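First up is the structure itself, then whatever we jot down about it.
Please treat every number below as a calculation from the coordinates, not as lab data. Predicted model, so just to flag it, every value in this text is computed and none were measured. Positions of Cβ are generated from backbone atoms using ideal geometry, with glycine treated the same way; all protein chains shown enter the neighbour counts.
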Amino acid sequence: MTVRVGVIGGGQLARMMIAPAVELGLDLRVLAEADGMSARLAATAVGDYRDLETVRAFAQDVDVITFDHEHVPQEVLRALVDDGVKVHPGPDALQFAQDKLVMRARLAELRIPQPDWAAVHDAAELQAFLDDHGGRAVVKTPRGGYDGKGVRVVASGTDVDDWFSGLDEGGALLVEELVPFVRELAQQVARRPSGQIVAYPVVETVQRDGVCAEVIAPAPDATDRLVRVAAEIGHRIAEGLGVTGMLAVELFETDDERILVNELAMRPHNSGHWSQDGAVTGQFEQHLRAVADLPLGVTERRAAWSVMVNILGGPAEGALEDRFPAAMAQHPEAKIHTYGKAPRPGRKVGHVNVSGEDLDDVVYTARAAAAFFA
Ligand code: ADP
């Protein structure tokens with residue numbers, strides 16, 4: 001029988017599940033926020049994911065619910081589970097990707113390495129943390145941040161007074177030590193409800209202005225120890241938090257070779273786009289296999305190196321597609337992925353994947369092909 005997979009959210013992650021769903025013979029349905037979203041080709045419903053009755057009506061005709069984002073409220077998710085709907089990842093796991101304070105507390109229980117942190121309720125508590133951590137720290141809003149929004153480097157307890165004044169009674173912000181990282185990494189794993197887990201190679205992610213700009217797979221100069229520790233962290237988090245589907249663990253590597261967890265995403269993730277063209281099983285196919293509880297695919301690389309370059313903003317004039325002929329003619333080895341979104345400064349509107357045996361060549365080609373869309 002054809003398995004019907006319902007995706008809540010109509011962004012590019014849902015869009016990129018469409019092709020593998022067709023190949024796997026899954027019936028993909030998307031609850032989009034509005035008409036004309038990135039995943040419009042599979043949108044069978046349009047509505048508010050925060051509204052229980054909207055989500056319930058959508059869930060009625062599917063076998064399993066999964067997500068394009070982590071913002072569906074806990075009450076809605078728990079009501080679905082009570083209705084008997086399969087939800088992957090489920091609310092018990094997803095809460096750790098929805099709230100960074102809840103995540104930090106749980107990772108501490110699991111003894112997963114992470115930056116020093118605290119929940120702070122006011123400027124005095126923040127100042128006390130700063131005094132203990134060399135006078136600088138990173139403050140984060142526990143919920144709703146993305147692409148660096150909701151993250152601020154501070155040097156004084158009063159630097160986030162605007163955020164403190166917006167908190168609900170008893171609410172707190174997350175403060176973390178300012179990690180002197182040498183680079184950022186990401187480890188992805190996929191886990192089935194029945195427990196099977198596979199890990200992808202650890203990758204290096206390069207952010208600009210808080211937004212992922214490039215990913216290199218695998219992370220250059222990764223020692224055996226780094227590869228092992230990162231994969232082990234991925235396994236322990238997936239099992240410890242009961243994650244189903246794709247899990248991305250964003251990591252910091254420090255100059256004294258510590259690997260610390262920054263944050264989690266329980267869905268396909270920008271750090272894994274390279275795998276669409278660079279791994280035997282891409283992350284979108286893998287996510288679908290995992291949430292449908294099908295045997296997972298191997299994660300081996302198809303080439304020594306893969307590089308993903310995001311297309312941020314897009315062309316100032318005209319459509320992305322207008323640039324296809326020139327980019328494709330110049331770089332026929334580049335795989336261009338577009339999200340069907342209107343260009344806007346800083347917006348992720350597509351990406352380019354290139355794979356090959358020489359890292360310098362691969363980086364050059366991926367950047368050159370992406371530059372056609374600037
Ligand atoms: P978002 O949810 O917006 O992606 P993150 O928590 O991933 O926010 O932080 C965004 C970026 O800010 C990170 O990729 C990293 O470059 C920087 N950052 C976050 N936390 C720290 C930290 N504790 N120390 C140093 N840099 C940090």
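Computed on alpha carbon atoms, what radius of gyration and Dmax characterise the stretch 234-374, expressed in Å?
Over the stretch 234-374's Cα set, Rg and Dmax evaluate to 16.8, 48 Å.
Spelling out what I want: for every residue of the stretch 249-255, take phi, set θ = phi - 60°, compute 6.51 cos²θ - 1.76 cosθ + 1.60 (Karplus), and round to whole Hz; glycine and proline get x.
Listing the rounded values in order: 10, 7, 10, 10, 10, 9, 5 Hz.
Quick one: 3J(HN,Hα) in Hz for the stretch 301-315, Karplus 6.51/-1.76/1.60 with θ = phi - 60°, rounded, Gly and Pro as x.
6, 8, 8, 4, 9, 10, 10, 10, 10, 6, 9, 9, x, x, x
Among Thr205, Thr44, Thr244, which one moves the most in a GNM of the chain with springs linking Cα atoms closer than 10 Å?
Checking each option, the largest mean-square fluctuation is seen for Thr44.
Mind listing the long-range amide H neighbours of Ile311? Cut-off is under 5 Å, sequence gap 5 or more, other chains count too, H placed in the peptide plane at 1.01 Å from N.
Val349, Gly350, His351, Val352
Assign unit charges at the C-beta atoms only (+1 for Lys and Arg, -1 for Asp and Glu), then state the dipole size of the chain relative to its Cα centre in Debye, rounded to the nearest 20.
Here the chain has a charge dipole of around 860 debye.
Output the relative contact order of the stretch 131-203, whole-number percent, from Cα pairs under 8 angstrom with separation of 6+ residues.
Answer for the stretch 131-203 is 28 percent.
What is the ratio of the Cα radius of gyration of the stretch 169-259 to 2.2 N^0.38 Å, with N the residue count, to two decimals?
For the stretch 169-259, the normalised Cα radius of gyration comes out at 1.20.
Show the residues, 5+ positions off or on another chain, whose built amide H is closer than 5 Å to the amide H of Asp27.
Those lying under 5 Å, H to H, from Asp27 are Val3, Arg4, Val5.
To check my understanding: the extent here is largest minus smallest coordinate of the Cα atoms along each principal axis. What are those three numbers for the chain, in Å, largest first?
Result for the chain: principal-axis Cα extents of 57, 52, 44 Å.
Using the membrane-span-like helix rule (whole DSSP H runs, Cα extent along the own axis of at least 20 Å, mean Kyte-Doolittle hydropathy at least 0.0), which helices of the chain qualify?
Passing helices, by number: 224-241.
What is the fewest-to-most order of Leu359, Leu296 by other Cβ atoms lying within 10 Å of their Cβ?
Leu359, Leu296
Would you mind checking which residues have amide H under 5 Å from Lys86's amide H? H placed 1.01 Å from N; only 5 or more apart, or other chain.
Ile65
Once a ≥ b ≥ c are taken as the square roots of the eigenvalues of the Cα gyration tensor of the stretch 87-206, is the result rounded (a/c under 1.5), prolate (a/b larger than b/c) or oblate (a/b not larger than b/c)?
prolate
Could you give each residue of the stretch 190-201 its phi-based ³J(HN,Hα) in whole Hz, using Karplus coefficients 6.51, -1.76, 1.60 with θ = phi - 60°, and x for Gly or Pro?
In residue order, the calculated couplings are 10, 9, 8, x, 7, x, 4, 10, 10, 10, 8, x Hz.
Could you name the lysines in cross-link range of Lys348, using Cα to Cα under 24 Å and dropping any fewer than eight places away on the same chain?
Lys100, Lys140, Lys149, Lys335
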